[in-house]
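The values are calculated or read from the model by the stated rules, or taken from the named source; none is laboratory data. None of the values given here were measured: they were computed from a predicted structure. For neighbour counting, all protein chains shown are included, and Cβ atoms are generated from backbone atoms with ideal geometry for every residue, glycine included.
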């Protein structure tokens, strides 16, 4: 009986010490960052009579993640510590482009790929760059590059395609300064896509006659 009592006392002491302190401190949760809100403005005089679905851009790792990426050399990606995007990079880019297309007044309706609503056309894209580069002798540059095409949902044919690349200088690699540069590059990218899509859909016929590449 005494032996059992001693064993019970030892177990209680160990449990008390284990809960009283931890070997590793609980890490602070990373800051979840986002692009600056899109400045709403009308870009077009009248909307095209089309409904447009904005698909989430395709991307491969590490772009298909929530990491805020920096390339200190052409061969290496690094992630900024203690910070992340609020969602994956493709979703952040999709949501920003969606805002631009909705605020521009150029399209009858714009939805995302999560919406069950019918759309006559779809903007499909591939994200090949959305990171900061620490260029020796040139400073820090945020790079955003997107290849896009507009597809008729009725005929499943590509009407137009284009590739846009934006370089935006950042003051340094601090998270706040990078967010400013990422926001400016995203704004320029979204507006370029918006104007391109508006011109493309102006020439879309009921038969969606032939695909055209961006000039």
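Remarks
- Of residues in the range 90-106 being crowded, with 21+ Cβ neighbours inside 10 Å and more than 13 Å from residue 55 (Cα to Cα), the one nearest to the chain's Cα centre (by Cα): 100
- Answer residue from the range 19-38, given it is modelled with pLDDT under 90 and surrounded by 10 or more Cβ atoms within 10 Å (Cβ to Cβ) and is nearest to residue 196 (Cα to Cα) among those: 38
- Check on residue 116, farther than 21 Å from residue 190 by Cβ, in a loop (DSSP other than H, G, I, E, B) and more than 14 Å from the chain's Cα centre (by Cα): yes
- Just one of the listed residues (121, 147) is in contact (Cβ under 8 Å) with a residue 12 or more places away in the chain, touching a strand residue (DSSP E or B) at 6+ places or on another chain (Cβ under 8 Å) and under 17 Å from residue 63 (Cβ atoms), namely 147.
- Of the residues making up the range 164-179, those that are in a helix (DSSP H, G or I) and either touching a strand residue (DSSP E or B) at 6+ places or on another chain (Cβ under 7 Å) or closer than 23 Å to residue 147 by Cβ (or both) are 175, 177, 178, 179.
- Exclusive hit being under 24 Å from residue 196 (Cβ atoms) and either modelled with pLDDT of 95 or more or not in a loop (DSSP other than H, G, I, E, B) (or both), set 67, 84, 53, 4: 53
- Filter result for residue 58 (under 18 Å from residue 146 (Cα atoms) and at pLDDT 95 or above): yes
- Extreme residue, modelled with the highest pLDDT, among residues of the range 193-210 that are assigned to a loop (DSSP other than H, G, I, E, B) and surrounded by 15 or more Cβ atoms within 10 Å (Cβ to Cβ): 204
- Screening residue 45 with (1) under 27 Å from residue 190 (Cα atoms); (2) surrounded by 10 or more Cβ atoms within 10 Å (Cβ to Cβ); (3) modelled with pLDDT under 95 gives one miss only, at (2).
- Search result, residues across the range 162-177 that are touching a helix residue (DSSP H, G or I) at 6+ places or on another chain (Cβ under 6 Å) and either within 30 Å of residue 124 (Cβ to Cβ) or surrounded by 16 or more Cβ atoms within 10 Å (Cβ to Cβ) (or both): 162, 164, 166, 168, 170
- Looking only at the range 56-78, and only at residues there that are under 15 Å from residue 178 (Cβ atoms) and touching a residue at least 12 places away in the same chain (Cβ under 8 Å), the one that is farthest from the chain's Cα centre (by Cα): 72
- Candidates are the residues of the range 182-192 that are in contact with a strand residue (DSSP E or B) (Cβ under 7 Å, 6 or more places away or on another chain) and either modelled with pLDDT under 95 or within 19 Å of residue 90 (Cβ to Cβ) (or both); the one that is surrounded by the most Cβ atoms within 10 Å (Cβ to Cβ) is 182.
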